[in-house]
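These notes are about the structure you will find just below.
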Amino acid sequence: MRYLTLFILSFLSIQSSYSQINEIGVFLGGSNFIGDVGATSYISPNQLAIGGIYKWNRSPRHSYRISLTYTELDGKDSNAKDPRRLQRDYSFTNQIIEISAGMEFTFLDFNLHSGRKISTPYLYSGISVFNMDDSYFLNDFQTSQNTSSWSIGIPMVLGFKTNFLRSFILGIEVGARYTFTDNLDGSFPKDDSLKNFRFGNQNNNDWYTFTGITLTYTFGENPCYCP
């Protein structure tokens, strides 16, 4: 019985050392689009992106993460370097709301209970779902279909974060989203009645990126070895 009690206490001690720590905060930055309309720069934010973020730090090396982000994607052929796009001179906008969930991995231990300043690069990936406006181009102008649809994306994020003021964490990150749609810019309407209005490279789907900062507040139980 004594050994069983010692085993249970040891197990609880190990579990408490990985006690859940929560983070909640905001994302503020910019977005840019990569597709068949507009510039082809990979990281070139041209529209505001704002959102909220929540993390559950499962251990000093990984966290579960969920976020909600809003932006209006914008693309103008006049900003492209491709002479064919410059000559075409299309432009579009598309409001999207993204929900993303996945796991964040840190390169170094990010122990929030150490009581000292810590910093680390990190990676985040998972799955994103987003709502977008449906449109197509008629007579060289973007035309709304007066509908919206949902699509899926794969987020690939690289960032760097550090703690300050005891309970706050500041991060900077760049994240690309590979999407499973080719119509964020109105170049590939799914409706077969509009198939004659499709253009561009129909073998590649659209991308968009978020670049900005995160500011989160941490709260939760401390492990038993903390003062």
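The values are calculated or read from the model by the stated rules, or taken from the named source; none is laboratory data. Given the structure is predicted, the values throughout are model-derived calculations rather than measurements. Using ideal geometry, Cβ is built from the backbone for each residue, glycine included, and neighbour counts are taken over all protein chains shown. With ligands, DNA and RNA removed, areas are computed over all heavy atoms of the protein, side chains included. Shrake-Rupley method; radii C 1.70, N 1.55, O 1.52, S 1.80 Å.
Please state the relative contact order of region 37-190 as a whole percent: Cα pairs under 8 Å, 6+ residues apart?
Once normalised by length, the contact order is 19 percent.
For LYS190, give me every one of the aspartates and glutamates with a C-alpha distance below 17 angstrom, ignoring sequence neighbours fewer than eight places off in its own chain.
Partners within reach: ASP36, ASP133, ASP134, ASP182, ASP206.
What lysines could a cross-link reach from LYS195, if we take a straight Cα to Cα line under 24 Å and drop same-chain neighbours fewer than 8 places away?
LYS76
State in Å² the accessible area per residue of the chain; use a 1.4 Å probe, count heavy atoms of protein chains only, and round to the nearest integer.
Heavy-atom SASA per residue in the chain reads 56 Å².
Between beta-carbons, use under 11 Å as the cut-off and find the net charge around THR93, counting Lys and Arg +1, Asp and Glu -1.
-3
Before anything else, pin down the relative contact order of region 60-142: Cα pairs under 8 Å, at least 6 apart, normalised by residue count, whole percent. Mind dumping the intermediate values first?
On the way: 140 pairs, mean separation 27.1, N = 83.
Worked out over region 60-142, it gives 33 percent.
State, as an integer percentage, the relative contact order of region 113-227 based on alpha-carbon contacts under 8 Å between residues 6 or more apart.
Normalised by residue count, the contact order of region 113-227 is 26 percent.
Based solely on its DSSP helices, what 222 nm [θ] is calculated for the chain when runs of n ≥ 4 H residues each add -39,500 (n - 2.57) and the sum is averaged over all residues, nearest 500 deg cm²/dmol? Provide the component values of the computation, followed by the final result.
Working: 2 runs with 21 residues, N = 227.
Counting only the DSSP helices, I get -3000 deg cm²/dmol.
What is the spin-label model distance, in nm, from ILE154 to ASP82 if the labels are put 7 Å beyond Cα along the C-beta direction?
2.2 nm
If Lys and Arg each add +1 and Asp and Glu each add -1, what is the summed charge of the other residues whose beta carbon sits under 15 Å from the beta carbon of GLU104? Could the numbers behind the result be given before it?
On the way: positive: LYS55, ARG58, ARG61, ARG65, LYS161; negative: GLU23, ASP109, GLU173.
Summing Lys/Arg as +1 and Asp/Glu as -1 gives +2.
What does the net charge come to around ASP82 if you take all other residues with beta carbon closer than 15 Å to its beta carbon, with K and R at +1 and D and E at -1?
On the way: positive: LYS76, LYS81, ARG84, ARG85, ARG88; negative: ASP36, ASP77, ASP89, ASP185.
Net charge around ASP82: +1.
How big is region 95-227 by the Kirkwood estimate over distinct Cα pairs, in Å?
The Cα-based Kirkwood calculation yields 17.6 Å.
What residues have an amide H closer than 5 Å to that of GLN47, excluding those fewer than 5 places away on the same chain, when H is modeled at 1.01 Å from N in the peptide plane?
SER31
Ordered by packing density, taken as the mean number of other Cβ atoms within 10 Å over each peptide's residues, highest first, how do 43-53, 170-180, 67-77 rank?
Order by mean packing, descending: 67-77, 170-180, 43-53.
If you roll a 1.4 Å probe over the chain with all protein chains in place, what percent of the accessible area is carbon or sulfur? Please list the in-between numbers first.
On the way: 7660 of 12680 Å².
Its accessible area is 60 percent carbon and sulfur atoms.
So what are the radius of gyration and Dmax for the Cα set of the chain, in Å?
22.2, 83
Let me make sure I get this right: for region 16-67, a, b and c are the square roots of the gyration tensor eigenvalues over alpha carbons, sorted descending. Under 1.5 in a/c it's rounded, otherwise prolate if a/b > b/c, else oblate. Which is it?
On the way: a/c = 4.69, a/b = 2.75, b/c = 1.71.
Note, shape of region 16-67 comes out prolate.
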